[in-house]
1. What number comes out for the charge environment of residue 91, summing +1 per Lys or Arg and -1 per Asp or Glu over other residues with Cβ under 13 Å away?
2. Say each of residue 171 and residue 8 gets a label point 7 Å from the Cα, pointing the same way as Cα to Cβ; how far apart are those two points in nm?
3. For a protection proxy built on the mean count of beta-carbon atoms within 10 angstrom, sort 221-230, 124-133, 51-60 highest first, please.
4. Going by the alpha-carbon gyration tensor, a ≥ b ≥ c the square roots of its eigenvalues, is the range 1-127 rounded (a/c under 1.5) or, if a/c is not under 1.5, prolate (a/b greater than b/c) versus oblate?
5. Identify which of the listed values of P(r) over Cα pairs in 10 Å bins from 0, in percent was calculated from the structure shown: (i) 6, 25, 30, 25, 11, 3, 0; (ii) 7, 28, 36, 22, 7, 1; (iii) 6, 18, 16, 14, 12, 11, 9, 7, 4, 2, 1, 0, 0.
6. Within the range 106-137, which residues have the backbone N less than 13 Å from the label spot 7 Å out from residue 74 along Cα→beta-carbon, could you tell me?
7. Is the shape of the range 237-276 rounded, prolate or oblate, going by the alpha carbon gyration tensor and its root eigenvalues a ≥ b ≥ c, with a/c under 1.5 for rounded and a/b larger than b/c for prolate?
8. Could you size up the charge dipole of the range 140-261 around its Cα centre, putting +1 on the beta carbon of Lys and Arg and -1 on that of Asp and Glu, and report it in debye to the nearest 20?
Amino acid sequence: MEIYPTMTLAFVWFWERASEIYPNWRDGLRAAMEEISKEHNVVWFFDKNVPNPSDNWNGIIFWDDSNSAFFSQLDSYNCKKALCLTTDPQNFDNLKKLNAVYCESTPVYEAVRAQGIRAIKAFGTDTDFYTIDDTVKKDIEYFYPATFSPWKRQADIAHLGEKLLCVGTVQPDGVAELQECLKKGVRVEEGYFPPEKIRDYYRRSKHVIIPAIHGSERTVLEAMACGIKPEVLNDGNIRTQSLIRELENSGMGIREFVVKNYSAKEYAKSILRGLA
């Protein structure tokens, strides 16, 4: 990792269920912040507990969309401010208040950069956690980990029936997706699960299939880290499609590509560049 003077950084997950989900949260962002904490002081804030401004903070990083309610209090912090952007950019006026916007895919990076905002391509997965295990039997034909919601489109792949395993919480608008899966005999598991269980399902799967309208980039990288090239069915999902194209153009093996370009260490380097 590039060497910077030791910094004190606040990380904010401004969501009312953050502390509840935290124990089962094992993705690239958490792993990247843990990498950063090896050399810098990271103070973590969860839920909607408002962190008190501190003169000792060199930077504040929050994880949210461009309409985050957290923007309303940014002016109270006298330090560098950066956002790990979770969705397509919508509120560019908010993004202009930041020193850096971390973008999870090339299309989002280009959209933010086109507005004259400092965009940094920064994304990854925990390649030390999501790994290949050749001793595990491949007994799941198709796997799709995603919250049940119309934009995730489980109903579009429900015809796979018992060959398909869908795992995730059910959003208020996702009941119809769930019911269609149950009607077609899809194997369904509802709820938040320990990351070890999700990793086990990746390792046991022959195929990871993604019909989502947008998003699911984390699923793409987690599957790749486990040696599986996901099947992204929706051509309009430009963010996941861009990751697949990067893999195909790299000439690398599936896991090799992720480790080189999207490991937690690479993610951490990108985050630190935004605060340097």
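1. Working: positive: 96, 97; negative: 64, 65, 88, 93.
Taking every Cβ under 13 Å from that of residue 91, the sum is -2.
2. According to this spin-label approximation, the distance is 3.8 nm.
3. My ranking of the peptides, most packed first, is 221-230, 124-133, 51-60.
4. Values: a/c = 1.24, a/b = 1.16, b/c = 1.07.
Rounded, since a/c falls under 1.5.
5. Read-out from the structure maps to (ii).
6. Within reach of a label on residue 74, which here means backbone N under 13 Å from a point 7 Å along Cα→Cβ, the range 106-137 contributes 117-119.
7. Details: a/c = 3.12, a/b = 1.61, b/c = 1.94.
Oblate, since a/c reaches 1.5 and b/c is not below a/b.
8. Numbers: 17 positive and 17 negative charges, 53 e Å.
Roughly 260 debye for the range 140-261.
Just so you know, all these numbers are worked out from the coordinates, no wet-lab data involved. Note that the coordinates shown come from a computational prediction; the quantities given were computed from them, not determined experimentally. Methodologically, a virtual Cβ is constructed for each residue, glycine included, from the backbone with ideal geometry; neighbour enumeration extends over all protein chains shown.
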